[in-house]
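These notes are about the structure you will find just below.
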Amino acid sequence: MPADQLAERLTALRADYEDLQAKGLELDLTRGKPGADQLDLSEGLLSLPTGHRDRSGADVRNYGGLEGLTEIREVFADLLGVDTAQVVAGGNSSLTMMYQVVTWLLLHGAPDSPRPWSQEEKVTFVCPVPGYDRHFTMLAELGIDMVTVPMHDDGPDVPAVRALVADDPSVKGMWLVPTYANPTGAVCSTEVAADLMAMPTAAPDFRILWDNAYVVHHLTDVETKSADALGLASASGHPNRPIMFASTSKITFAGAGVAALAASPENKAWYLKRLSYAAIGPDKVNQLRHVEFFGDADGVRAHMRKHRDLIAPKFAAVQEALSARLDGLGVATWSQPVGGYFVDLNVMDGTAARVVQLAKEAGIALTPAGSAFPYGNDPDDRNIRLAPTFPALAEVEAAMAGVAVCVELAAVEKLTAPVVE
Ligand code: PMP
């Protein structure tokens, strides 16, 4: 656009932005939380369990049963495509299980570690970006260094990962959200998963923390299966490489679900051993409640279709609002996820922080720019994670129409700003 047209456009956008501010919105697209209508789908849990005993006859109200009820482990095994024997069912948070694993690796090392990770000069994790902010803040908290690789539509950039892990034994681990990744929605292909499980690593105890938080969170009627991480790892001679995590946080109650870990026999025994010093058993009442509520894995799948019906229109509203204003302008691209909880928006380089600020000043809270990168550092200042599930549909529509104004305004501001030498 020639300069005079850009200047005109800037004037028009400022007027649009003033109109937006005048609406006095108070909207929040920051966190991937289920909406109240989604939580209502699981209200039946509150009057369960009807029984006190699990299949083995144990009274679930009492202590014990560290690896969790067999019945709920069977459900997770089916959903995750692993054997029941590989699964531990725990408390409400898979993030806590990940934190335990990383902490115990630092304190004790893995069965195949030369020494506890904390005794290494440095420990480094490979982080596909954009990624889940809490993965990165956890590592920062624990003093683990992070290096990034690009996340593509079929998973992490394998040559980039290979180059990082091949010669440097300080590179001990990697995060991966394999299905409907947070925030890009990417699904890791079997080919990429197979390469990651088979690749040579300088560290003998390299771990891939396979966080399958969105394994059954389809937004369309295509119910994509996750790559078989444990099977691929075993087949390539690295059975201990992946540790898998999942939970019902975005299936039932985000704050009162059941989490699970699945791993090789050696990893599982290692985890349970460490856990035995920290707990006598999980909340088996809640586990039984979930088993009674769902019956089996197909019960979970049917339940997820009800979630889909509630949230798919919100994701469609995000697409419509962005397309309506931004299609063809060349100032932004965004993901069109078929599952998960997020839309990943890339605005013009150097404007993401400005977009978030403009949105905030118009009453629309967005996740801080850079959150999806280690240390909050998006080198291109272009990435913004949108989380449309929590607000009502009309609020998503209003918020996203506003975000689109902010995206275009920030771009035109940048294009018209005097160049500072
Ligand atoms: N992993 C990912 C990728 C997530 O997006 C989330 C929730 N935002 C979690 C884990 C948290 O899981 P949990 O509630 O089981 O701790």
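The values are calculated or read from the model by the stated rules, or taken from the named source; none is laboratory data. The shown structure was predicted, so the numbers you read here are calculated from the model rather than taken from an experiment. A quick note on method: Cβ atoms are made from the backbone with ideal geometry, for glycine too, and the neighbour counts reach across all protein chains shown.
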Going through segment 108-148 in order, the residues found to be touching a Leu at 6+ places or on another chain (Cβ under 7 Å), under 19 Å from Leu164 (Cα atoms) and of a type in the set (A, V, I, L, M) are Val126, Met146, Val147
Take segment 374-414 and flag every residue that is hydrophobic (A, V, I, L, M, F, W, C) and either outside the structural domain of Leu358 (by TED's automatic domain parsing) or in a loop (DSSP other than H, G, I, E, B) (or both).
Ala387, Phe390, Ala392
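Would you mind finding the one in Ser234, Ser249, Ser226 that is closer than 23 Å to Val126 by Cα, part of a loop (DSSP other than H, G, I, E, B) and in the same structural domain as Asp168 (by TED's automatic domain parsing)?
Ser226
Quick check on this structure: which one of Asp28, Asp40, Asp16 is modelled with pLDDT under 95 and not hydrophobic (A, V, I, L, M, F, W, C)?
Being modelled with pLDDT under 95 and not hydrophobic (A, V, I, L, M, F, W, C) holds for just one of Asp28, Asp40, Asp16, which is Asp28.
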Would you tally the residues in segment 1-42 being within 24 Å of Tyr214 (Cβ to Cβ) and either touching a His at 6+ places or on another chain (Cβ under 7 Å) or assigned to a helix (DSSP H, G or I) (or both)?
6
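So if I check each of Leu230, Leu219, which one is within 17 Å of the chain's Cα centre (by Cα) and either surrounded by 15 or more Cβ atoms within 10 Å (Cβ to Cβ) or modelled with pLDDT of 95 or more (or both)? Please lay out each step first, then the result.
On the way: Leu230 fails: within 17 Å of the chain's Cα centre (by Cα).
One residue alone meets the criteria, Leu219.
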Mind telling me which of the residues Trp210, Trp175 ends up being near the ligand (Cβ under 10 Å from one of its atoms), within 13 Å of the chain's Cα centre (by Cα) and outside any loop (DSSP other than H, G, I, E, B)?
Trp175
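Residue-by-condition table, conditions (1) surrounded by 15 or more Cβ atoms within 10 Å (Cβ to Cβ); (2) within 16 Å of the ligand (Cβ to nearest atom):
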residue	(1), (2)
Pro49	yes, no
Thr70	yes, no
Ala89	yes, yes
Tyr99	yes, yes
Gln119	no, no
Which listed residue, of Ala160, Ala110, is closer than 30 Å to Lys225 by Cβ, at pLDDT 95 or above and more than 23 Å from the chain's Cα centre (by Cα)
Ala110
Looking at segment 121-171 only, could you name the residues that are closer than 17 Å to Pro379 by Cβ, within 16 Å of the ligand (Cβ to nearest atom) and among the charged types (D, E, K, R)?
Asp133
